[in-house]
Structure formats: structure tokens, C-alpha cells
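Trainee: I am attaching a structure below and will ask some questions about it afterwards.
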Amino acid sequence: MSDALWTRDELLAVLDGEMVGTLPRAIGGISIDTRTLAPGELFFAIRGERTDGHDYVEQAFAAGAGLAIVGRDFRGDVTGPFIRVGGDTLDALNVLGRAARARSKARIVAVTGSVGKTGTKEMLRLMLGRLGRVHASDKSYNNHWGVPLSLARMPRDADYAVFEIGMNHSGEIAPLTRMVRPHAAIVTTVAAVHLAFFRDVEEIAEAKAEIFQGLEPGGTAILNMDNAFYLLLASRASQNGAGRVIAFSNAPDSEAGARLLSLEASGGGSAVEAEILSATIRYRLGAPGEHLAMNSLAALAAVKALGGDVARGAEALAQFGAPQGRGAQSLHRIGDGVFRLIDDSYNANPASMAAALGVLAAVGQGRRIAVLGDMLELGAASADMHRGLAEPIAAARVDLVFCCGTEMRALHEALPQARRGAWTPDSTSLTPYLLEALRAGDTIMIKGSLGSRMGPVVEALKQTYPPLAGETNSAAE
């Protein structure tokens, strides 16, 4: 039972539910999705906005689930054992997540920010994995069900744990960080994201500062000194009991505890020299971009705050690759040559657009082509923010820009005629124009908010021109 994630007796004691059928002595994993459930795992039937997990309990058992957690109203005729909890199953998942945190002796980092959360989390997963047994959030499981699920999956003997915490409204981070109770909390940056739900960017900064409400007494806050809201965040951290604030900055002469001294593009990645709390360190980062180098400073500062060996952890950053949909690069044969694809299709806002365009400028050697979908949830400022992308596009020396979506029309019309590839109302109708325009030597960057559906454009390119074997730079592959 030492390798069990949860024993039967633990589950019954923590969840205080009704046992139906013969429960397994232990379970080794937890799932809320029958499509990815592994044999023997516990299936939590979560009620979501679009689907109800209770409709899939029998399917979960058909897939090999060892046990299901269901709500008090569940009366389904199923073939496997289950625990019927007294309230909502999401509440039960929260209870199990808190129990996992209470029993854990792991040193814990929580990461939030307008951009860069997932990449920073993955850097920490790699570095802390060199120092002990590490547990980290899967994918971008950073919301009201993703955080408790990630906690409930935390092995009892983990040495370190990393949790990503997101939000698009005020008040969402506070209950999640109180559940995680991190020893160190990172805010990567604060930018104009989800403005449809906030009065201004300062209100976004206040929402991000909620992460300090769960900080363990005397814990460490790690903040971007180059951000306009650094002082606000530092003040909120201190008010919530932070024992130390570590700033990171790309200015070599700043007073930040973690400073970027030099950055040089190198072989599809970056050669970085930094100072982390008075110690100079040189390391290779396996993906390009100043924004990723900055995030690595925050991650290294977190390793230091947890008492880890920074130099040893930094060695792992050579293995970092931008996650699929978040900057992963691949080469594709076309005619007698190749083109490079930068898949940044998972999400977008003005700050992350500028960062992605910077990567396009750094790695593009032939024509630079940007394929852009709408940046969503920007409120009344949306048209101006889309038009405003014309400046970083020019700075990145982009040759052609293909746009789709109602919001992106403002950018298309702001571009000089020579840069206009095409505009269409949706990504599906844009794809043929892009395929027709491609040629050998091109570098294509694809980006947009998740709702703009830029992922299918990436898949269309990959199906038409499969990636060359061994030429993908992605943490997810």
C-alpha cells in the first residue's frame, strides 16, 4: 500500500460517503475524463457547464475504472463500485485536495500571471525533478476543478510540487491558493488580459495578488520588477505575511535579486547568463525568447527559495521545450526545402502576441509569416489593442500577416498593403489561403485565443506537410 495514491480507508474517512459495492483496497490515480482514464483509477463524476460526469460513470467502468465518486442523487445502474458523497462531487474533490495538501511534506510553488504560467511551471517541473520527486499540475489545470484535481493527485511522498493557478474574474485565485498553501508564489507578469471582466489592468493586478493569501507564513513572493505593478504586488505580498520578496528583471544593473545578464540565441534555444541572489550562473534554455528567459529567472529564484541546488536545477533547462500550442517548433518538408512552424495557438493577449512576434523575429530566416486569430475578452479596448499589434509586427520584420475573426479585422485594415496576406471571418476559411501562400524557407507563427480556433490551422498544416522526424522542439512531444 505504500505506493497507493489513496487507500480505501483513507477515501472513506476523508469523503465521509456511502460505500456501494466492493471497493478496491487502493487506487493509483484519479481522472475526471473517461477518454484519458487509466485502468484502476478513481473516476470523479464532475458536473460541468456542458457535460455531467454522472452520464459517463458506466463508460468509466468499461474503460477499467476501479472506483467512482458520485453525488448524493446518483441512482445509476452501473457495474462497478462507487462512493456516494453527501454533496456535490466538486466539493468532494476540494475536500480530497485539501487532505492531500495536509498530509504532504512537499515544498510547494504556486504560479500565476497574465502570461507564462504553464511554461514557468514546466521549467520548475524539470528543475525540481533533478532534486527529488516532483509533482506538478497536468497541462493547464489551473481553475476551480483543475487545482483540486492536481492536489488530490499529489503522491504522499512528493518532495516538491508545482501548481498553476489561473483566473478571469476577481476572487477566483484566493480559494485556490488557500487550498495549495504554497511556500513560494510566482507572479510572472500582469498585462491586459480578460479586460472584459475588469475595470482596468490595476484591477487585474489586484486579482493576481490574491495568490499571496494562501502563502505559508514567512513564504517567498517572486515578482517581475520590470512590470508596472511590481510595487503593488510586493505590498500585497508583505501584507499577507511574505517573509521575503525576490524580484527578477531583464536589466543587468537593476537591484533585483534575479537578473538577466546576457541572452544569446543558440541552436534553437538560448544561452543565458544570470545572477540569482548574488551567484552568477550560465545555462542553456532549450527554447528561444526573452520572455522564456525571464520566466526561467523566476523559476530559478523559486528553486533557491525552496532551498534547492540552483546550479543543478538549471542544468535541466536545456531539456525545456515550449509546450505544444505554446511556442512548440517543428520543421516540415515542402517541395525541395522546408518551412518552420511555431505553434502558439493555445491562447493570446497583447503581451503574449508581442512575445511570440519576438520569437518569430529571432528564429525566422526566410519570409516571416504571422497567422493571427482574435484576442478575446479584451472588452471596449479590443479594437485598439488589435490595431496596436501593427507596431510589434513591423518591429519583428514580419513579411505577411494572415488574420481571421471579427476582432482581427481591425489589425488587417491597419496593416500596409504589402503585409496583408488575407483576412477571413474564421480560421477554417483562412487555412486554404495560408496553404497556397507557403513556400520553402518560410517561418510561420500561428497564434490566437483558444476560442478563435487556431489549433485546427496548425493541424491542417501538419497533415498536409508532416513534421520531419526528430525535428520537433516541444515539451509535450
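Trainee: Out of Ala305, Ala293, Ala316, Ala311, which single residue is among the small types (Gly, Ala, Ser) and in contact with a helix residue (DSSP H, G or I) (Cβ under 9 Å, 6 or more places away or on another chain)?
Mentor: Answer to the check: Ala316.
Trainee: Only residues that are in a helix (DSSP H, G or I) and modelled with pLDDT of 95 or more: list them for region 169-201, please. Working first, answer last.
Mentor: Keep residues of region 169-201 that are in a helix (DSSP H, G or I), which gives 173-180, 195-197, 201.
Scanning region 169-201 gives Ile173, Ala174, Pro175, Leu176, Thr177, Arg178, Met179, Val180.
Trainee: What's the number of the condition Leu233 fails, among (1) of a type in the set (A, V, I, L, M); (2) in contact with a helix residue (DSSP H, G or I) (Cβ under 7 Å, 6 or more places away or on another chain); (3) in a strand (DSSP E or B)?
Mentor: With respect to (1) of a type in the set (A, V, I, L, M); (2) in contact with a helix residue (DSSP H, G or I) (Cβ under 7 Å, 6 or more places away or on another chain); (3) in a strand (DSSP E or B), Leu233 is out only on (3).
Trainee: Right, next: When region 336-357 is examined, which residues are found to be over 14 Å from Gly451 (Cα atoms) and outside any helix (DSSP H, G or I)?
Mentor: Asp336, Gly337, Val338, Phe339, Arg340, Leu341, Ile342, Asp343 - these are the residues of region 336-357 that are over 14 Å from Gly451 (Cα atoms) and outside any helix (DSSP H, G or I).
Trainee: Now a separate question. For region 291-323, name all the residues that are in a loop (DSSP other than H, G, I, E, B) and under 23 Å from Pro252 (Cβ atoms).
Mentor: Phe320 - this is the single residue of region 291-323 that is in a loop (DSSP other than H, G, I, E, B) and under 23 Å from Pro252 (Cβ atoms).
Trainee: Another question, if that's okay. Pick from region 354-373 the residues that are farther than 20 Å from Glu407 by Cα and of a type in the set (Val, Ile, Thr): which of them is modelled with the highest pLDDT?
Mentor: Val359
Trainee: Any idea which residue in region 277-292 is nearest to Gly327 (Cα to Cα), counting only those that are surrounded by fewer than 21 Cβ atoms within 10 Å (Cβ to Cβ) and of a type in the set (A, V, I, L, M)?
Mentor: For region 277-292, the residue satisfying everything is Ile281.
Trainee: Can you run down the residue pairs with Cβ atoms below 8 Å, 6 or more apart or on separate chains, where the first is in region 327-340 and under 23 Å from Gly119 (Cβ atoms) and the partner is acidic (Asp, Glu) and outside any strand (DSSP E or B)?
Mentor: Cβ pairs passing all conditions: Ala328/Glu477; Arg340/Asp442.
Trainee: Quick one: is Ser137 within 26 Å of Glu203 (Cα to Cα) and among the polar types (S, T, N, Q)?
Mentor: The answer is no for Ser137.
Trainee: Continuing with the same structure: Going by the conditions given, is Gly364 under 16 Å from Ala351 (Cα atoms) and touching a residue at least 12 places away in the same chain (Cβ under 8 Å)?
Mentor: No: the conditions fail for Gly364.
The values are calculated or read from the model by the stated rules, or taken from the named source; none is laboratory data. The shown structure was predicted, so the numbers you read here are calculated from the model rather than taken from an experiment. Because the Cβ atoms are built from the backbone with ideal geometry, glycine has one as well, and the counts that use them run over all protein chains shown.
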